[in-house]
């Protein structure tokens, strides 16, 4: 059985778990290549006009898998953390794809609701695996493999490793950095270099270390979120705001770049909250709102202006 | 403590009465105008949805009028509305406005209300609370029913605009009532006047349009550019799927009919949308299918720009349109939308629907195939 996993949205946060799970169940796992212009264009043509850019790119990835695999894995993520929920577009993603793309292989779309606790997770795992095997021992083995793979990735993130594949972009590899920049946003905006127009590459070329929300431990994020009067009810929101607040207060971070997609529901509120935190701690803040019309030259210009401002600030002794 | 609350259609009639009878000094936010929208948009985050901007405008205008406490609802997501109050509180703090936000959540409703009542130093006759709430709900419920009736029958009004004037008059009269007898009298008066405003029903049935979409845009006429009225003037009989009083009865009270219909809706919608995604996406798709099954001529979906659940509905409605053979028009609005543009689109849509019906009559003798 060939199972396709599109390299978009929740993939960027959970990919080792997904891949390992299906591989351990004995499937051949096909992951799409990194986003290219043709995948993005295909996605824009298929998806509804008003949906945010990352979801359009997801449509492109799923269309690229059609015809190559027997089933495509697109989970229905209602909630990935107890007491929270995800963006509605992620919850309804499988239905959106079904109605936008014709001639698609069947989807494996288990309903994941962590508000139901371990029972919910168990049900989701069973729903995901039942089309491949009904053997509970194999499923339980696959779960353990997936969990181990994901914990390993978490460990590398916590150590400052941005990308396992491309070691040159890792935080830990830069010995004498020009500075430390925190880049906050959703994982699919940060770790897809086509979506953020190679932002990390631009920062690394100029010698800056990059810190992302995934490099913070759960405890740091929870601590940072306590500053809010009412807890955010989106798990993705808690990570973005938690990272923004933590890095704003951190003395070794020189500036914060917030990468948002135009039309993102969560970001429309989060950019306000993170900006407030940056202002509170007098931390330079740059907001990059991206969509399919954004040009790399424009992003580079703004980035250079921001980094120049950081240099002048340091020279003037305002830090 | 001078309290205020945001506008949402004619719900202010019930809320104002409730707060005034509890003893609060109520400062009404001025009716929503373009200035409200512009003021709100100026002080809101960049691509937040339209209801946030309207509410922000309401608060700022109400504070100008002298309010110092704002009642607002909270939520637990996934719709953004649940977190509006927190960001709005911060924005008003930045503007140095001495305003307190009272946010009523589903789990601390009574506690929060009790705290505000104590702070205001009021002695609330708790025994009277339930009958009072029932009366306020009855007021809003009646106005909702009247609005539904007018949306349905406006196509046969003798003078354009007479139904809307009657509705405005009814709202004013209902606002002045404070007893059941007075309310019943207003209902009888309005019903009598309405009979004289309408022509008899024509032989050929009008085009029937189902209006679905995001709840705030449906209920607040200024924000949806009087869409229902425009469709009525174009000769269509409009049925809207959501009203504020229905929402209250379904979610806060035990209305077995509403709950039974909700189960039917779920049965019809599940093949298209497997689970609820927040907001009113489920209701939009469900009612779209229900209206199609009842033989409506067309659907209009209205949503604010970037509304997440409604965008999912927007993706699903084309399949519903093909499966149930019903045209769907999606109207996305924000503060830059113009009335003329909307009217042009509605005229084109209704022309297309008439033509479609005409063609089918010629082919089969029936308006539907």
Could you list, in sequence order, all residues of segment B:48-80 that are over 22 Å from the mean Cα position of the chain (by Cα) and closer than 25 Å to residue A:263 by Cβ? none
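Residue by residue, here is whether (1) free of Cβ contacts under 8 Å to residues at least 40 places away in the same chain; (2) within 14 Å of chain A (Cβ to nearest Cβ); (3) in contact with a strand residue (DSSP E or B) (Cβ under 7 Å, 6 or more places away or on another chain) holds:
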residue	(1), (2), (3)
B:289	yes, yes, no
B:293	yes, no, no
B:296	no, no, yes
B:304	no, yes, yes
B:309	no, yes, no
B:323	yes, yes, no
B:339	no, no, no
Having 2 or more residues that are within 14 Å of chain B (Cβ to nearest Cβ) and touching a helix residue (DSSP H, G or I) at 6+ places or on another chain (Cβ under 6 Å) is the bar; report the helices (runs of 4 or more DSSP H) wholly within segment A:170-267 that clear it. A:235-249
Of residues in segment A:87-100 being in contact (Cβ under 8 Å) with a residue 24 or more places away in the chain and more than 7 Å from every other protein chain (Cβ to nearest Cβ), the one nearest to residue A:63 (Cα to Cα): A:97
With the condition kept exactly as written, say whether any residue in segment A:127-142 is buried (at least 17 other Cβ atoms within 10 Å of the Cβ), without any contact (Cβ under 8 Å) to a residue 24 or more places away in the chain and in contact with a strand residue (DSSP E or B) (Cβ under 7 Å, 6 or more places away or on another chain). no
Within segment B:247-281, the residues that are within 14 Å of another protein chain (Cβ to nearest Cβ) and touching a helix residue (DSSP H, G or I) at 6+ places or on another chain (Cβ under 8 Å) are B:269, B:272, B:273, B:274, B:275, B:276, B:277, B:278, B:279, B:280, B:281
Can you name the helices (runs of 4 or more DSSP H) wholly within segment B:224-276 that have at least 1 residues being touching a residue at least 60 places away in the same chain (Cβ under 8 Å) and surrounded by 15 or more Cβ atoms within 10 Å (Cβ to Cβ)? B:227-233, B:244-251
Hey, residue B:140 assigned to a loop (DSSP other than H, G, I, E, B), away from every other protein chain (no Cβ under 14 Å) and surrounded by 14 or more Cβ atoms within 10 Å (Cβ to Cβ) or not: no
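So that you can scan it fast, the table gives a plain yes or no per residue for (1) at pLDDT below 95; (2) over 24 Å from residue A:90 (Cβ atoms):
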site: A:218; (1), (2): yes, no
site: A:229; (1), (2): yes, yes
site: A:234; (1), (2): yes, no
site: A:247; (1), (2): no, yes
site: A:257; (1), (2): no, no
site: A:293; (1), (2): yes, no
site: A:309; (1), (2): yes, yes
site: A:314; (1), (2): yes, yes
site: A:318; (1), (2): yes, yes
In segment A:39-91, anything more than 19 Å from the chain's Cα centre (by Cα), surrounded by fewer than 22 Cβ atoms within 10 Å (Cβ to Cβ) and under 22 Å from residue A:289 (Cα atoms) is listed as A:41, A:42, A:44, A:45, A:48, A:49, A:50
Among the residues of segment B:24-57, write down those that are in a loop (DSSP other than H, G, I, E, B), within 16 Å of residue B:97 (Cα to Cα) and within 14 Å of chain A (Cβ to nearest Cβ). B:43, B:44
Against the definition (in a loop (DSSP other than H, G, I, E, B) and over 27 Å from residue A:53 (Cα atoms)), how does residue B:289 come out, yes or no? no
Yes or no: segment A:108-127 includes at least one residue that is at pLDDT 90 or above and in a loop (DSSP other than H, G, I, E, B). yes
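Those residues that are in contact with a strand residue (DSSP E or B) (Cβ under 6 Å, 6 or more places away or on another chain) and more than 8 Å from every other protein chain (Cβ to nearest Cβ), I need them from segment A:72-83; list them, please.
A:72, A:73, A:74, A:75, A:77, A:79
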Please pick out the residue among B:127, B:203 that is more than 20 Å from the chain's Cα centre (by Cα), exposed (fewer than 11 other Cβ atoms within 10 Å of the Cβ), at pLDDT below 95 and in a helix (DSSP H, G or I). B:127
From A:272, A:291, which residue is surrounded by fewer than 23 Cβ atoms within 10 Å (Cβ to Cβ), touching a strand residue (DSSP E or B) at 6+ places or on another chain (Cβ under 7 Å) and within 14 Å of chain B (Cβ to nearest Cβ)? A:291
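Considering each of B:146, B:113, B:97, B:60 in turn, give the residue that is farther than 24 Å from residue A:85 by Cβ and assigned to a loop (DSSP other than H, G, I, E, B).
Exactly one residue qualifies, and that residue is B:97.
The values are calculated or read from the model by the stated rules, or taken from the named source; none is laboratory data. In this text, all values refer to a predicted model and were calculated from it rather than measured experimentally. As a convention, Cβ positions derive from the backbone with ideal geometry for all residues, glycine included, and neighbour counts pool all protein chains shown.
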